[in-house]
Amino acid sequence: MSIELGKIIESAIPLVEKQVGECYDKYSLEKELRWHNPRPADSFENVMPEVVSNWQVDEDNILLIEVICHDLHTRALSFQDRGGLETHILGGSSYLNWFVSYVVPIIEGKVCDFDVFTANGEKIVKHIFDETSTSESTAGCRIEWKS
């Protein structure tokens, strides 16, 4: 079964607001997903063009949408399992990378809210962490899913 991207966008708004530290609306989020350029070829297989052209996601997929606002790119990555998704989110090219503005994990057709904690157990607030992080502060981080 497929889930319309508009429903995904609506349910992603609180998660995006939490990560960027400012208000978002459905139009702004949709505009970023639709009108940003798909990320040029890199080491990841970007399925964002397919998601946007179909305007839906398959509820059987595990996806991560990443918006990289500094160069106006988006990408959607597909994962085999939650473990692969978590490994990527905590890696150096996703949530903990200050070039990535926000991420939206989609598991079983639903946006999944999460928190990330440092190795010392301190909750990471992305838009603050982006300004103060070092390679040492990203080591040993963990994800706690809310749903």
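Derivation of every value follows stated rules applied to the coordinates shown; laboratory data play no part. The structure presented is a predicted model; accordingly, all values stated were derived computationally and were not measured. All Cβ positions, glycine included, derive from the backbone under ideal geometry; neighbour counts span all protein chains shown.
Things to note:
- The criterion of at least 3 residues that are in contact with a Cys (Cβ under 7 Å, 6 or more places away or on another chain) and exposed (fewer than 14 other Cβ atoms within 10 Å of the Cβ) is met by none of the helices (runs of 4 or more DSSP H) falling completely within the stretch 1-108.
- Scanning the stretch 116-128 for residues that are surrounded by 14 or more Cβ atoms within 10 Å (Cβ to Cβ) and either part of a strand (DSSP E or B) or not hydrophobic (A, V, I, L, M, F, W, C) (or both) yields VAL116, PHE117, THR118, LYS126, HIS127.
- Pairs linking a residue in the stretch 47-71 that is at positive phi to a residue that is in a helix (DSSP H, G or I) and surrounded by fewer than 18 Cβ atoms within 10 Å (Cβ to Cβ), with Cβ atoms under 8 Å and 6 or more positions apart or on different chains, are TRP55/GLY6.
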